[in-house]
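Before any comments, here is the structure.
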Amino acid sequence: MTPTEQFLQWVEESDNIVFFGGAGVSTESGIPDFRSVDGLYNQQYDYPPETILSHTFYRRNPEEFYRFYRNKMLCLDAEPNVTHIKLAELEKAGKLKGVVTQNIDGLHQKAGSKNVMELHGSVLRNYCERCGNFMSAEDILHSTGIPTCPNCGGPVKPDVVLYEEGLNQKTLEDAVWYISHADVLIVGGTSLAVYPAAGLIDYYHGDKLVLINKSATPMDRRANLLIQDGLGNVFSQIEI
């Protein structure tokens, strides 16, 4: 039996699956992983993405932060791919209990997933830092310079977790609960290099840890099943 065949059998037999994913889930929807920096990036920005997407940089240089954010982070035309769609179908069928994601694009919900724990927030939510007024991602995209609140004129901040900021405690606790209670844990499209998110798999106590990633990760040896392939190739084979 190949690793993919074993994976499909575990999915078929289980009704307590949790999926934990990263940027690789959305690259097949055309959303670039900003860690794979392209030449165009180097021509446009004077700082690495981790610096621009830090709390310190946001406070000190909000105009440059928003130039990068609009250009690189707001991919509002992106559509869910086969992985998003299959995960939503598995949840609807009562087999998948929750999705834990490091992504901020909202594509899991767009595909129909209901129980999504967004560890790093979402570009679809933006709030005035003064009065708390909500602004949509479209509002941010079509603004210029530093977006301001139409109500009070205060600065607007995306509801995403920047470097140097802590994760939402409730989201983290929910993710820990679902992962620790899972029968099958599928980890996909993540380098497992960003903490504290990568440490979440420590809470899984089962014997069906599936790791699907094109390249090697620091956690490969811990997987019960290792599939080095694109997520779309694997998930497209799931029949529900």
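The values are calculated or read from the model by the stated rules, or taken from the named source; none is laboratory data. Note that the coordinates shown come from a computational prediction; the quantities given were computed from them, not determined experimentally. Because the Cβ atoms are built from the backbone with ideal geometry, glycine has one as well, and the counts that use them run over all protein chains shown. Heads up: the accessible areas ignore ligands, DNA and RNA and are worked out on the full protein's heavy atoms, side chains in. Shrake-Rupley method; radii C 1.70, N 1.55, O 1.52, S 1.80 Å.
Is there any pair with a first residue in region 211-240 that is of a type in the set (Phe, Trp, Tyr) and a second that is open to solvent by less than 20 Å² (accessible area, probe 1.4 Å) and in a helix (DSSP H, G or I) whose Cβ atoms are under 7 Å apart and which are 6 or more apart or on different chains, and what are they?
Phe235/Thr83
Kindly list, by first and then second residue, each pair from a residue in region 101-114 that is under 19 Å from Asn126 (Cα atoms) to a residue that is open to solvent by 30 Å² or more (accessible area, probe 1.4 Å) and of a type in the set (A, V, I, L, M), limited to pairs with Cβ atoms under 8 Å and residues at least 6 apart or on different chains.
Matching pairs, first to second residue: Gln102/Ala23; Gln102/Val194; Asn103/Ala23; Ile104/Met73; Gly106/Leu124.
Tell me, yes or no, whether region 128-136 has at least one residue that is of a type in the set (Asp, Glu) and free of Cβ contacts under 8 Å to residues at least 12 places away in the same chain. Even if it seems obvious, please write down each step before you answer.
Just the residues of region 128-136 that are of a type in the set (Asp, Glu), to begin with: 129.
Filter again for free of Cβ contacts under 8 Å to residues at least 12 places away in the same chain, leaving none.
Checking region 128-136: not a single residue is of a type in the set (Asp, Glu) and free of Cβ contacts under 8 Å to residues at least 12 places away in the same chain.
Does region 95-107 contain at least one residue that is open to solvent by 40 Å² or more (accessible area, probe 1.4 Å), of a type in the set (S, T, N, Q) and not in a strand (DSSP E or B)?
no
Given the condition in contact with a Gly (Cβ under 7 Å, 6 or more places away or on another chain) and open to solvent by 40 Å² or more (accessible area, probe 1.4 Å), answer yes or no: does some residue in region 108-118 qualify? If you could, list the steps in order and put the result at the bottom.
Taking region 108-118 and keeping what is in contact with a Gly (Cβ under 7 Å, 6 or more places away or on another chain), we get 115, 117.
Cutting the leftovers down to open to solvent by 40 Å² or more (accessible area, probe 1.4 Å) gives us 115.
Yes, some residue in region 108-118 is in contact with a Gly (Cβ under 7 Å, 6 or more places away or on another chain) and open to solvent by 40 Å² or more (accessible area, probe 1.4 Å).
If I ask for residues that are farther than 18 Å from Ser26 by Cβ and either open to solvent by less than 50 Å² (accessible area, probe 1.4 Å) or of a type in the set (Gly, Ala, Ser) (or both), which ones from region 212-237 would you list?
Listed by number, the residues that qualify are Ala216, Met219, Asp220, Ala223, Leu225, Ile227.
So which pairs qualify, if the first residue must be in region 44-70 and farther than 19 Å from Ile140 by Cβ and open to solvent by 40 Å² or more (accessible area, probe 1.4 Å), the second must be assigned to a loop (DSSP other than H, G, I, E, B) and not hydrophobic (A, V, I, L, M, F, W, C), the Cβ gap must be under 8 Å, and the two must be at least 6 apart or on different chains?
Short answer, once both residue conditions are applied: Thr56/Glu164.
Taking only pairs six or more apart or across chains, which ones have beta-carbon atoms under 8 Å, a first residue in region 145-159 that is farther than 14 Å from Phe134 by Cβ, and a second residue that is charged (D, E, K, R) and outside any loop (DSSP other than H, G, I, E, B)?
Gly145/Glu63; Ile146/Glu63
Check Ala198, Ala193 and return the single one that is modelled with pLDDT under 95, part of a helix (DSSP H, G or I) and either over 20 Å from Val18 (Cβ atoms) or not charged (D, E, K, R) (or both).
Ala198
Which one of these is hydrophobic (A, V, I, L, M, F, W, C), open to solvent by 10 Å² or more (accessible area, probe 1.4 Å), part of a loop (DSSP other than H, G, I, E, B) and in contact with a Leu (Cβ under 9 Å, 6 or more places away or on another chain): Leu167, Leu172?
Just one listed residue meets the conditions, Leu167.
Could you list all residues from region 68-89 that are touching a Phe, Trp or Tyr at 6+ places or on another chain (Cβ under 8 Å) and modelled with pLDDT of 95 or more?
Within region 68-89, Val82, Thr83, Lys86, Leu87 meet the criteria.
Quick check on Val18: is it touching an Asp or Glu at 6+ places or on another chain (Cβ under 8 Å), crowded, with 22+ Cβ neighbours inside 10 Å and assigned to a strand (DSSP E or B)? It would help to see each step written out before you state the result.
Numbers: touching an Asp or Glu at 6+ places or on another chain (Cβ under 8 Å): no; crowded, with 22+ Cβ neighbours inside 10 Å: yes; assigned to a strand (DSSP E or B): yes.
No, not satisfied.
Assuming Gly145 fulfils every condition listed in (1) in a loop (DSSP other than H, G, I, E, B); (2) open to solvent by 10 Å² or more (accessible area, probe 1.4 Å); (3) touching a Leu at 6+ places or on another chain (Cβ under 8 Å); (4) not β-branched (Val, Ile, Thr) apart from one, which condition is it?
(3)
Tally the residues that are of a type outside the set (Phe, Trp, Tyr) and open to solvent by 40 Å² or more (accessible area, probe 1.4 Å), restricting the search to region 181-203.
So the first thing to find is which residues in region 181-203 are of a type outside the set (Phe, Trp, Tyr), and the list is 181-194, 196-202.
So of that shortlist, the ones also open to solvent by 40 Å² or more (accessible area, probe 1.4 Å) come out as 181, 183, 191, 193, 196, 202.
Residues in region 181-203 being of a type outside the set (Phe, Trp, Tyr) and open to solvent by 40 Å² or more (accessible area, probe 1.4 Å): 6 in total.
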